[in-house]
Amino acid sequence: MKFRPLHDRVVVRRLTAEEKTKGGIIIPDTAQEKPMEGEIVAVGAGARNEAGAIVALDVKAGDKVLFGKWSGTEVKLDGEELLIMKESDIMGIIEGTPSKKK
C-alpha cells in the first residue's frame, strides 16, 4: 500500500535500538527505551504560508533524523510500525556516520 502524508507531515520508521550497553550488558525488550532516531519514509508536499504559497519541507525520504521521545502518532501500515509527525517535531537531520571511539 502506498501512503502519502498531507501538508507538513512526515512518515518515520524508527531505527532499531542497541540491545547491548557499551559494557556488554544485554538489555531485555521490556526495559529498552524507544529509539529517538528514525528514517524518513515519506513526506508531504509542504505547508502553506500566509500568502498561500506552498513552502517545501527541509527533509526528504531517506534522511536519518532525530525526534522527540513523545513525538508523532504510532500507526501500523502493511504490518510495519511507523510514526506520523509534523516536520516541526523533528529536531534535526543526522548527517554522515558517527566516528567510533576505540
**Complete:** Scanning the stretch 44-83 residue by residue, the ones that are within 11 Å of the chain's Cα centre (by Cα) and either surrounded by 16 or more Cβ atoms within 10 Å (Cβ to Cβ) or in contact (Cβ under 8 Å) with a residue 40 or more places away in the chain (or both) total 9
**Message:** Conditions first: (1) modelled with pLDDT under 75; (2) in a strand (DSSP E or B); (3) among the hydrophobic types (A, V, I, L, M, F, W, C). I84 passes all but one, so which condition is the exception?
**Reply:** (1)
**Complete:** Filtering the stretch 3-59 for residues that are at pLDDT 80 or above, among the basic types (K, R) and under 20 Å from E80 (Cβ atoms) leaves a count of 4
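The values are calculated or read from the model by the stated rules, or taken from the named source; none is laboratory data. It should be emphasised that the depicted structure is a prediction, and the values quoted were computed from it without experimental measurement. Quick reminder, even Gly has a Cβ in these numbers, built from the backbone with ideal geometry, and neighbours come from all protein chains shown.
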